[in-house]
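All of the numbers you see were taken from the coordinates with simple rules; none came from a lab. This one's a predicted model, so the numbers in the text were calculated from it and none came from an experiment. Because the Cβ atoms are built from the backbone with ideal geometry, glycine has one as well, and the counts that use them run over all protein chains shown.
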Amino acid sequence: MEITLNINQQDYPLKIATGERLLDTLRRLGFFSVKYGGCQKGECGACAVLFDGRPVNSCTMLTAQAEGHRIQTVESLGEHPEQGWKRTEGLHVIQQAFVETGAIQCGYCTPAMVLVAKSLLEKTPSPSEEEVRAALSGVLCRCTGYIKPVQAVLRAAATLRGEEVSPIDEPSAIGGVLEFGEGEGTPLTTGQGTLTETKVFPKLKVLDELSPMKTVGHGEPKVDAVKLVQGKPAFAADFDRRDMLVAKVLRSPYAHAIIKHIDTSAAEALPGVAAVLTWQDLPRVIYSTAGQSHPIPGPLDMFSLDKKVRFVGDRVAFVAAETAEIAEEAVKLIQVEYEALPTILNAKQAMEAGAPVIHDEEEYVNFADSDPNRNLAAEIRIDIGDVERGLAEADHIFEAEYVVPKVQQAHIEPHVVVTYWDEDDRLVIRTSTQVPFHVRRQLAPVLNLPVKRIRVIKPRIGGGFGGKQEVLVEDVAAHLTIATGRPVIYEMTREEEFIGARSRHPMRIRMKTGVKADGTITANVMYALSDTGAYGCHALTVTGNTGHKSMALYVGDGPYREQPNIRFYADVVYTNTVPSGAYRGYGVPQGFWPVERHMETIARELGLDPIAFRLKNALRAGELHPFSTAWSEGREPKPETIYTIGLEECVNQGRMAIDWDHKFGNKAWHAVPGKQHLRKGIGVAMVMQGTAIPYLDMGGASIKMNDDGSFNLLVGATDLGTGSDTVLSQMAAETLGVPLEDILVYSSDTDFTPFDKGAYASSTTYISGAAVVKAAEKVAQQICDRAAAMFAENGLKVDPIEITLEERRAVAPSGETVTFGEIALHALHQSDQRQIMAVASHMSPVAPPPFAAQFAEVTVDTESGMVTVDKLVMAVDSGVIINPVTASGQIEGGMTQALGYAVCEEMVYDEQGQPRERDFVDYHIFRADEMPELTTIFVETFEPSHPYGAKAVAEIPLDGVAPAVGNAILDACGVSLNAIPALPEKIWQALSK
Amino acid sequence: MISEYCRPASVEEALSLLTDKSKIRLPLGGGTSLSRQQSGVDGVVDLQDTGLDWIEKGSRGLTVGAMTRLERLMAHPDVHPEVKRAIQLDAPENIRNMATLPGWLFSSGGRSILTTVLLALDATLTWEPGSKQVRLGDWLPLWKQASPGVLITEIAWLVGSQLVFEYVARAPKDQPILVVAVAQWGSGRTRVVLGGFGDMPIIAMDGPDSSGVDVASRDAYFEAEDQWATAAYRRDIAAKLALRCVERLNAKKESES
């Protein structure tokens, strides 16, 4: 049909399909700010546009409905303030506020948020925080925890009203109880009325004072923020190529079955279908989808397409067609005859004698102790010290079993890839991945192409959280491009994300702990039965980290501190459920739920103060990481001493902030006046993580000086929304003595950037950052040498070592200077010409852990069991914080994901292995208008193994929220919960006993 | 797939399209549901120009035109605050700006707080052709089997009743596992509706006063078991929340007197 759409005040006469959705039309026209979240019911809101000035979701509206209305997208708002000779008005005030406050992480939902904010502020110039949160509630964000977007809207509102706003880059005072919105009321138990501080810069307690720095340690705006806030076509799917086909995947309706016959003739006959591929069409190459370094530390157990399906959602056939609708229709026309097999739907069943064997393919490649005949993907047996002696020496033995669920990463941008042959017949893979170099290496044999004929481009990523540390979709599009010779795009739907992507390993964990009467831990034992689902991607390493991190924190005291007794055993088994894999935290959240719930139980049963008991037994600076002599992820273990532990100060700061000493043990505080069925509780958990994988993770960087004295920084590191491009640039800028704007960062493209293992294991700031600093130091040396030569030409003899670099200049001890622009022209054009540039890489022999104290406050409805989390406070020692604004965004967003893990997120299967969760309606992730108060405090230590003293920050916020909430529930109503999520019925059952 | 799009300028024109037996056409409200391309549908009849976007307060009640968006109800002074709260819990603003009230009733299922609340208020639907008035409680159990007409044009409910609801969910804005809504009129008539289970909310009690709300609620959800909660849990909590609703109503009455 023919219609005219008014988009951004311009009329577009169009021919559209009658059933076309507005989202598809807008993207077809190049309005790429309107994002696809894969959902069918408008749950995520990433596709929001303004419709006659009001936000609506374009994915749930027919294009025809929009005729006669005004459509507005972010493309109509501000633009970059400098466009050569043309002056523009710059960014819109709201966009500017989003940039300044750090409200943009991955940026995928940002255009929608900006539009929602615009609509709100036009009708309500002075909104309350509650109104802002209500407005933003239709746009789901998995990155930020919503604090900074709320701050951005409030800041924009103030600016639009002509008010002064406080500077961003100004540290907050610290040291007392943080009173949030005192006088404005306690947060309501409905989750409404939460109060966000307007100060963007997080609270910072510096333990190791450093000389002031110009860029490092400052809340610099993200280097990609300006393009993301404008909705520029920065993501994998924001890409047009002539003749591009759309891919769809036929997925198994059975949890375990043999494909006896496939008839694709009807699908192939459908006009517009370009290719239909089944297992019979593809080379049978076994591989692992886990994006990890060579050699993959896990079994090889997967084919692109196989004659057997192992979970509901497993891949059966690939289709490429001219449009998504034709491809979907073709998928329906494929006739498959299955022979259903007995299923295994829980880990215990997988271990039973006579259980069905899920992996009986002869090509299966074992890794270490995997044994497919026993459904065993991995086995771990770690003994440190003498556990039996430690248990024998204990006055008390505490044993309990704990359960953690399967959950989903739930990044708002689904998995998406575009593939095409370039003019040199090399296969280009433009993909939303955390691991571009692993994609290239691992996919080459699967496609029967040499590595050198594959180029992987990683554009901006709309969140990953481990879900994109997987070579999951690239082969689908690549096979279809090989089959058709044409470009192919494959975007997962939200349903596919739930039934066909990856998830966090669910585990059943048994704890046994020996304790002296004075609270000294004498031995600590963990056994984990981990469910890797249908394939063993990350099976060994995720579960290894469960013990490696959570069981390392409490070593005991006195002689036990010298010689800790720790055992960690695990079996990782196959089941007929969607595969588990990497998810932010990488096994550690699973470990800290049992460890920290167990510590709480021990402390309370022995009448010990829960904080003092933990600190008495916790690791201290100068001690060995207890697991470092026993196990390492992918390499031989080597002893590692931990030099920086700010845990005690984290506890001090956190307990002050949440007012622990007033609330804990205070009967009056636990009651809610006028509501006898409500009880308040407070809880704590202490956690540690890792920073990269020692002797394994490597990152590279190259830096090149340009004619004007600016620098190109090329890194293989993968910014998946975390802000790593920004912090890497900050470290380069600091080292080179230039402002951040002079560093032009590009990441990552396997053809152009140096290798980096990718974004995982909390390693980018530490590993890739050290590589950047090394490269910058080499460049700085070249600049100093060149400057010395230039000084000499003017009769001034200066030793290059005496030259300092600051404010885009090389400064001699006498105060004379040459600018970087002069140095660059001299080097490139004038004398002894050469390119000032350097390449460096970094690998670390240590993995210094970050530490944190997590506090939670809850209200429990003792009649219904409903838990409302009112407040989360996290004090973190992540070493020196390179960018406090982006780092606090990591903590806030991480705590929010962990909050879902604590109370509402889980993936449930029925007796046939059919998944219950297929969208964001049933799988609830927190909205802006139901958040508790979130507070982040950084306790800065200087980690000596990093040039700027940094440790990891990205994963640790996932570890402590669930146990802190569980301990707060215990404090509120006496229910000792061993399984998460803390569903109302579980609490009710416990209270009913 | 949708192969025909019509945008009639009046209700009459819409009815003529919808009653044309030669094609399967469905009325299109906001689109939140129908835009998910359904098989077995020839076309959609977009009602946006039919003049059904209005809210009227009459002597006895509130009548809402079928194209009234949920967001407009949020802004209307005569819509009960608990109805507004239900709308806010069911749908964020992006959805409210599109979704119409009848569309929501069709697409939201048994876990909708708004549908639960409207059922408690004993809302009435006007169906065309024939201007048939059908109580929501009569239509909900049968809507998948038989339809009283081709188009809902109005939804009405009495004002002046007291209304409260209580719910249990995993998170404050999650879909409820259980919701209990209690409406009470000046005569004492008390109507208790349960939601959070099955395809639609159900009426647990419609009596002359509030006595027995707990027993009625417990009995109504006696077998309400699914993947989200056991029946034992739902029936126990239904009773407790029903009593809590009545307590709130009584407290409100006391404060008003």
Quiz prompt | Packing-based exposure ordering (other Cβ within 10 Å, fewest first) of A:SER58, A:SER841 | solution = A:SER841, A:SER58
Quiz item: In what sequence, highest mean first, do A:114-120, B:194-200 appear when ranked by Cβ atoms within 10 angstrom?
Solution: A:114-120, B:194-200
Practice problem: Would you work out if the range B:4-46 is rounded, prolate or oblate? Take a ≥ b ≥ c from the square roots of the eigenvalues of the alpha-carbon gyration tensor; rounded if a/c is under 1.5, else prolate when a/b is larger than b/c, oblate otherwise. | Solution: oblate
Quiz prompt | Listed peptides A:134-147, A:932-945, A:279-292, A:667-680 by packing density, highest first (mean Cβ within 10 Å) | solution = A:134-147, A:932-945, A:279-292, A:667-680
Practice problem: Could you calculate the FRET efficiency of A:TRP669 with A:ASP169 from 1/(1 + (r/R0)^6), where r is the beta carbon distance between them and R0 is 60 Å, rounded to 0.05? | Solution: 0.95
Quiz prompt | Straight-distance crosslink candidates among lysines, where the alpha carbon sits under 22 Å from A:LYS797 and sequence neighbours closer than 8 are dropped | solution = A:LYS778
Practice problem: Any chance you could check the Cα centroid distance between the range A:287-337 and the range A:697-740 for me, in angstrom? | Solution: 37
Exercise. Evaluate peptide A:50-60: per residue, the Cβ atoms of other protein chains within 10 Å of its Cβ; return the mean as an integer.
Key: 5
Quiz item: Magnitude of the Cβ-charge dipole of the range A:504-620, K/R +1 and D/E -1, about the Cα centre, nearest 20 debye?
Solution: 100
Quiz prompt | Which listed pairs, of A:LYS458/A:LYS757; B:LYS57/B:LYS132; A:LYS41/B:LYS173; A:LYS232/A:LYS458; A:LYS704/A:LYS774; A:LYS35/A:LYS227, have C-alpha distances above 18 Å, in listed order | solution = B:LYS57/B:LYS132
Quiz item: Using the Kirkwood formula over every pair of different C-alpha atoms, what hydrodynamic radius in Å results for the range A:698-843?
Solution: 15.3
Quiz item: Under the rule of -39500 (n - 2.57) per DSSP H run of 4 or more residues, summed and divided by the residues of the protein assembly as shown, what mean residue ellipticity at 222 nm is obtained, to the nearest 500 deg cm²/dmol?
Solution: -8000 deg cm²/dmol
Practice problem: Give, rounded to the nearest 20 debye, the magnitude of the charge dipole that the range A:197-275 has about its Cα centre when Lys and Arg contribute +1 at Cβ and Asp and Glu contribute -1 at Cβ. | Solution: 140
Quiz item: At what distance in nm do the modelled label points of A:PHE755 and A:THR819 sit from each other, each positioned 7 Å from its Cα along Cα→Cβ?
Solution: 4.1
Exercise. Pop out the ³J(HN,Hα) list for the range A:356-369 in order, Karplus 6.51 cos²θ - 1.76 cosθ + 1.60 with θ = phi - 60°, rounded to Hz; leave Gly and Pro as x.
Key: x, 9, 7, 10, 10, 6, 6, 7, 3, 10, 5, 10, 6, 9
Exercise. Pop out the Kirkwood hydrodynamic radius of the range B:162-256 from its pairwise C-alpha distances, inverse of mean 1/r, in Å to one decimal.
Key: 13.2
Exercise. Mind running the shape call on the range B:1-135? Use the C-alpha gyration tensor, a ≥ b ≥ c as the square roots of the eigenvalues: rounded below 1.5 for a/c, prolate if a/b tops b/c, oblate otherwise.
Key: prolate
Quiz prompt | Leading residue at positive end of dipole, the protein assembly as shown (Cβ point charges), from A:ALA875, A:THR343, B:SER147 | solution = B:SER147
Self-check item: Geometric extent, Cα atoms of the range A:416-554 - Rg, Dmax (angstrom)
Solution: 20.7, 74
Practice problem: Give, in nm to one decimal, the length gained when the segment between A:ASN373 and A:ARG635 is fully stretched (0.36 nm per residue of separation minus the Cα-Cα distance). | Solution: 91.7 nm
Quiz item: Quick one: Kirkwood hydrodynamic radius for chain A, alpha-carbon pairs, angstrom, one decimal?
Solution: 29.1
Quiz prompt | Nearby aspartates and glutamates by direct alpha-carbon distance to A:LYS452 (threshold 15 angstrom, same-chain neighbours under 8 apart not counted) | solution = A:ASP422, A:GLU423, A:ASP424, A:ASP425, A:ASP749, A:ASP751
Quiz item: Say the dipole of chain A comes from +1 at the beta carbon of Lys and Arg and -1 at that of Asp and Glu; which of A:ALA950, A:ALA692, A:ALA771 then lies farthest toward its positive end?
Solution: A:ALA692
Self-check item: Anchor A:LYS118: aspartates and glutamates whose Cα lies under 19 Å away (excluding residues fewer than 8 positions away in-chain)
Solution: A:ASP52, A:GLU75, A:GLU79, A:GLU89, A:GLU100, A:GLU129, A:GLU130, A:GLU131, A:GLU163, A:ASP929, B:GLU71, B:GLU93
Exercise. Compute the signed sum of charges (Lys and Arg +1, Asp and Glu -1) over the other residues within less than 11 Å, Cβ to Cβ, of A:ILE454.
Key: +3
Quiz prompt | For chain B, size of Cβ-based charge dipole, Lys and Arg +1, Asp and Glu -1, in debye | solution = 320
Practice problem: Evaluate the relative contact order of the range A:698-843 (contact order divided by residue number), counting alpha-carbon pairs under 8 angstrom at least 6 apart; express in whole percent. | Solution: 34
Quiz prompt | Cα gyration tensor category, rounded, prolate or oblate, for the range B:60-121 with a/c compared to 1.5 | solution = rounded
Quiz item: For the residue pair A:VAL908 and A:HIS80, what label-to-label distance in nm results when each label sits 7 Å from Cα along the Cα-to-beta-carbon direction?
Solution: 5.0
Quiz item: Taking each residue of B:161-172 in turn, how many C-beta atoms of other protein chains fall within 10 Å of its C-beta, and what is the average?
Solution: 6
Quiz item: Among the helices of chain A (complete DSSP H runs), which have Cα atoms covering no less than 27 Å along the helix axis and a Kyte-Doolittle mean of at least -0.5?
Solution: A:769-793, A:884-903
Quiz item: Over all residues in A:299-311, what is the mean tally of Cβ atoms on other chains that come within 10 Å of each residue's Cβ?
Solution: 0
Quiz item: Local charge sum around A:HIS359 (other residues, Cβ-Cβ under 14 Å, Lys/Arg +1, Asp/Glu -1)?
Solution: -4
Exercise. Post the alpha-carbon centroid distance, the range A:919-974 to the range A:768-817, in whole angstrom.
Key: 43
Practice problem: Give the peptides A:964-975, A:557-568 in descending order of average Cβ contacts within 10 Å, highest first. | Solution: A:964-975, A:557-568
